[in-house]
Each structure stands twice: as C-alpha cells, then as structure tokens.
Amino acid sequence: MTPEAPLAVLLSPRRAVVEAARDVGARTLLLAPDLSAPAVREAVAVADEALTVDWSDHPRLMMAIGHLAHLPARAAVFGFAESSALSAARANEALRFPGNPHAAVAYLTDKATLRGKVNQLTGAPVRFEHCDRAAHLVAVSERVGFPCVAKPRTGSGGQDVHLLRSAADAMLLAAELPYEPALIVEEYLDGPEYSVEAHSAAGRHTVLAVTRKYNACDEDCAATGYDLPADLDPVTVREIHDLVIATLTTAGQRSGPSQTEVVLTARGPRLIESHAHPGADHISDLLLLATGTDIAALTIASVLQLPVPAPRRGGGHAGTRFLRLPPGRIQAVEGVEEARAVPGVTNVEVHVLPGSHVPEATSRVAGHGFHHGFVTAVADGPQELEAVLRKAQDTLRPVVVPEQAKEEEHSAA
C-alpha cells in the first residue's frame with residue numbers, strides 16, 4: 001500500500017469493512033473510542049493505523065483528523081451504522097471530503113419530517129402525528145387509531161419503540177415518559193416486512209436487493225430471520241423499488257449505502273423508515289453471499305474514485321434464522337458441528353455461554369431484538385433455502401435447565 005493511495009477513515013468498523021477498504025486499494029485509518037473492545041480489536045488487527053478517538057464528539061474528531069485535509073491523496077470518512085454515518089457526513093463536510101451530505105443523513109434520522117414528505121410525494125400515505133407532551137399521548141394515539149406505534153422522532157436502532165393496542169396501553173406508556181418526549185405516533189402497518197438495500201452515486205439510486213424479514217407474531221413479533229432476495233412477484237418488486245427511490249430522493253441521499261424498511265400492506269408497500277447506512281450485519285453478509293456484492297467495498301471504492309470491484313459469484317439465495325433458546329440456565333447446545341456440516345450451511349453461532357442464564361429476546365416493536373445465536377445458509381432457490389435452514393435448526397439440541405428446576409435442585413442439596 002503506497003502513501004499516495006486514497007485514505008479511508010473508518011469509524012468503529014467491523015473487521016470485514018477494513019478488509020473491504022484494503023481490497024479496493026485504500027489505506028485504512030481506524031478510529032474508535034475503545035480499541036480494546038473485542039469487535040474493534042479484530043478490526044484493528046487488519047487496519048494500517050488506529051487511533052483512540054471518541055468520534056461522536058465532533059470537535060475531538062476534528063482535532064484528530066483535521067490535518068488530513070492537507071493530504072495530497074484523496075480521503076473520506078466512513079460510518080456504516082446510524083450514529084457513525086452521521087458523524088462521518090459531518091466530518092466530510094467540514095474537511096471538504098467527498099461523501100453523503102450531512103443534511104441527507106440527518107433527514108433520514110428525522111422520522112417525522114421524512115414521513116410527512118414521503119406522504120406528500122409518493123401517494124402511499126401513512127397516518128401519523130407528532131407528540132411533544134406525554135399528557136397528549138392518549139389523545140394523539142386515538143386520533144391516529146389503534147393499533148399504532150409510538151417511537152422517538154430521531155431515534156435509532158429500533159430503541160424505545162412501543163406498540164399501542166389501546167388507550168390503556170397509551171396511558172401506561174405516558175406515565176413512564178418524560179414531560180416532553182418528542183415522539184411520532186403512526187398507524188401500525190400490518191403485513192410482511194422487507195428491508196431494501198440500495199447504493200447511491202451522484203444522486204442516482206440502485207436497489208441491490210429486497211430482503212424478507214421474518215417475525216414470530218404469535219406473542220411478541222420478535223425477528224426470527226431474513227431471506228435475500230425476497231420471493232416476490234415482479235410488479236410488487238417494482239412498487240417497492242419506486243417507494244425506496246422516492247424516499248431516498250426526498251431525503252437528498254447522494255452517495256453510499258442505505259437501508260429502507262417497508263411493509264407490504266393490503267394497500268401496497270408502505271414506508272417504515274430509512275437509514276443512510278447498510279442493513280444489520282446479517283443483511284450485509286447475506287447480500288454478499290447471495291449476490292456477491294460487498295456493500296462496504298462498493299461504497300468506499302465509489303467515494304474514493306477507486307475501481308469498483310466486480311461482484312463475486314453469489315449463491316443465488318441466502319438466509320439467516322435466529323435461535324431463541326428456552327428460558328433457564330443453558331448447559332450446552334449439542335449438534336453445532338453437525339449443523340455446520342449440513343450442505344449449504346455457511347455459519348452456525350450460539351451466543352449464550354454454557355452455565356449462563358438465557359437472556360430474554362425482545363420484541364420486534366421494542367427494537368430489533370436480542371437473539372441467542374443464528375444459522376446462515378445458501379441455496380439455489382427459496383424452497384431449498386428454507387429446507388437447509390430448517391434441517392440445521394433441527395440438528396441443534398439445546399440442553400437448558402429451567403430456573404424452577406434449578407432452585408429445587410439447590411433446595412434439595
């Protein structure tokens with residue numbers, strides 16, 4: 001790597017992002033508040049340089065990288081998550097580096113402003129109202145209509161999102177909120193969910209894939225997995241593409257990745273929200289497996305004017321299913337190596353350590369949800385993919401001792 005090579009400044013990236021930057025010919029400077037954090041440490045190992053910087057503090061970020069504005073080589077700051085994308089865009093504007101406009105990234109984080117504009121321009125309106133007083137939540141929710149969803153206007157990562165089924169739910173939530181909560185309350189969109197991955201260059205948007213998001217809606221609607229690409233008819237795919245492109249154009253998105261969440265309702269696709277960063281790590285991995293497109297490499301190469309890598313040979317269809325273990329103390333998960341050996345399976349991970357308590361998985365409407373592990377696979381078609389994933393899941397045998405049984409065991413001792 002020569003000193004004249006373009007520089008990619010990466011804010012708390014995954015190891016895969018650093019490797020993608022190097023693969024397209026960029027030098028890498030990694031910035032993170034804590035270089036010793038496990039995930040960051042893996043990325044540091046393959047970066048050219050790394051600095052401890054709280055990049056969420058703009059003045060500190062500028063002090064750390066302000067001198068880069070005088071480099072003879074091209075440079076840009078990249079963030080591939082909600083907060084880091086905003087910080088990167090602000091830094092790029094301050095240093096006159098290429099990249100997505102800060103206003104566009106901020107626009108996509110303001111759910112109320114985006115919702116209002118998309119309602120006007122797409123012909124796919126969703127009922128919503130602002131709620132700036134906790135005392136007004138019940139009345140606002142009743143006007144929007146139950147069921148409805150209350151969430152922060154500028155929240156991220158699905159945090160503090162609440163499904164309200166009745167006035168009683170709204171009253172309970174209002175009692176827990178601060179006096180001025182700055183919420184958006186919108187109608188609940190009933191139907192299957194999709195995540196749309198896109199890439200923008202010079203204001204032109206290319207949809208890379210439509211991903212099906214599966215949810216278990218018998219109780220808490222927790223996410224159970226993804227399939228990429230979604231099994232949809234061409235007309236529906238075109239309608240989803242049109243909604244996403246209109247959303248990104250409305251926000252002023254100019255370059256880089258985006259993830260737009262939509263629900264396919266009885267009235268057609270409707271926007272949930274959109275983000276100026278790739279989908280969750282699992283979705284980026286599925287995009288690479290199914291289509292051969294590395295979204296990080298594509299973004300970095302496009303912004304730094306490096307040769308855009310040709311897509312690798314993809315597997316056609318890729319999917320992930322999240323594992324949800326029964327409550328209790330986990331003794332072991334048997335069959336992991338057998339599941340990994342199933343033809344088509346690319347990865348099996350269990351996140352709960354033996355001897356530890358199985359944490360509760362949260363609901364879709366309360367956030368993206370915590371899962372206890374996952375299985376990922378590739379196949380030639382959606383039916384074959386489902387069969388491979390099911391076989392791998394059925395091979396796993398969790399050994400969990402219920403808490404009540406554990407307590408009785410201690411009492412007997």
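The values are calculated or read from the model by the stated rules, or taken from the named source; none is laboratory data. As the structure is a computational prediction, the values presented were derived from the model and not from experiment. For neighbour counting, all protein chains shown are included, and Cβ atoms are generated from backbone atoms with ideal geometry for every residue, glycine included. Side chains included, ligands, DNA and RNA excluded: accessible areas come from the protein's heavy atoms. Shrake-Rupley method; radii C 1.70, N 1.55, O 1.52, S 1.80 Å.
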Which numbered condition Ser363 fails, given (1) of a type in the set (Ser, Thr, Tyr); (2) at pLDDT below 90; (3) more than 19 Å from the chain's Cα centre (by Cα)
(3)
Tabulated pairs, the range 178-190, first modelled with pLDDT under 90 and of a type in the set (D, E, K, R), second assigned to a loop (DSSP other than H, G, I, E, B) and surrounded by fewer than 19 Cβ atoms within 10 Å (Cβ to Cβ), C-beta under 8 angstrom, 6+ apart or interchain:
Glu180/Asp132; Glu180/Arg133
Which condition number in (1) more than 30 Å from Phe80 (Cβ to Cβ); (2) open to solvent by 10 Å² or more (accessible area, probe 1.4 Å); (3) touching a Ser or Thr at 6+ places or on another chain (Cβ under 6 Å) is the one that Cys148 fails?
(2)
Exactly one of these conditions fails for Glu239: (1) in contact with a strand residue (DSSP E or B) (Cβ under 8 Å, 6 or more places away or on another chain); (2) open to solvent by less than 50 Å² (accessible area, probe 1.4 Å); (3) more than 23 Å from Gln383 (Cα to Cα). Give me its number.
(2)
Close pairs (8 angstrom Cβ cut-off, 6 or more residues apart or separate chains): without any contact (Cβ under 8 Å) to a residue 12 or more places away in the chain and basic (Lys, Arg) in the range 321-337, surrounded by fewer than 17 Cβ atoms within 10 Å (Cβ to Cβ) and part of a loop (DSSP other than H, G, I, E, B) anywhere
none
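Residue-wise test of (1) outside the structural domain of Ala182 (by the TED database); (2) touching a residue at least 12 places away in the same chain (Cβ under 8 Å); (3) touching a strand residue (DSSP E or B) at 6+ places or on another chain (Cβ under 8 Å).
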position	(1), (2), (3)
His70	yes, no, no
Asn92	yes, yes, yes
Ala103	yes, yes, no
Ala106	yes, yes, no
Asp110	yes, yes, no
Asp132	no, yes, yes
Val140	no, yes, yes
Val144	no, yes, yes
Cys148	no, yes, yes
Report yes if Thr247 is of a type in the set (Val, Ile, Thr), open to solvent by less than 30 Å² (accessible area, probe 1.4 Å) and over 18 Å from the mean Cα position of the chain (by Cα), otherwise no.
no
Within the bounds of the range 255-267, is there any residue that is open to solvent by less than 20 Å² (accessible area, probe 1.4 Å), within 22 Å of the chain's Cα centre (by Cα) and charged (D, E, K, R)?
yes
Could you grab me the full set of residues in the range 252-288 that are outside any strand (DSSP E or B) and over 24 Å from Ala8 (Cβ atoms)?
Ala266, Arg267
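Per-residue answers, yes or no, for (1) modelled with pLDDT under 95; (2) of a type in the set (Gly, Ala, Ser):
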position	(1), (2)
Leu271	yes, no
Ala276	yes, yes
Ser284	yes, yes
Leu298	no, no
Gly316	yes, yes
Gly328	yes, yes
Ala332	yes, yes
Gly355	yes, yes
For the range 106-131, which positions are open to solvent by 30 Å² or more (accessible area, probe 1.4 Å) and among the polar types (S, T, N, Q)?
Thr113, Asn119, Gln120, Thr122
Exactly one condition in (1) out of contact with any His (no Cβ under 7 Å at 6 or more places or on another chain); (2) modelled with pLDDT of 95 or more; (3) among the basic types (Lys, Arg); (4) under 30 Å from Glu273 (Cα atoms) is not met by Arg27; state its number.
(4)
Let me confirm something: among Ala266, Ala296, Ala310, Ala290, which residue is of a type outside the set (Asp, Glu) and over 30 Å from Val345 (Cα atoms)?
Ala266
Is it the case that the range 298-316 has a residue that's touching a residue at least 60 places away in the same chain (Cβ under 8 Å), open to solvent by 10 Å² or more (accessible area, probe 1.4 Å), within 19 Å of the chain's Cα centre (by Cα) and not assigned by the TED database to the domain that holds Ala202?
yes
Which residue is farthest from Gly256 (Cα to Cα), if the candidates are limited to the range 12-43 and must be in a helix (DSSP H, G or I) and either without any contact (Cβ under 8 Å) to a residue 12 or more places away in the chain or open to solvent by less than 40 Å² (accessible area, probe 1.4 Å) (or both)?
Pro38
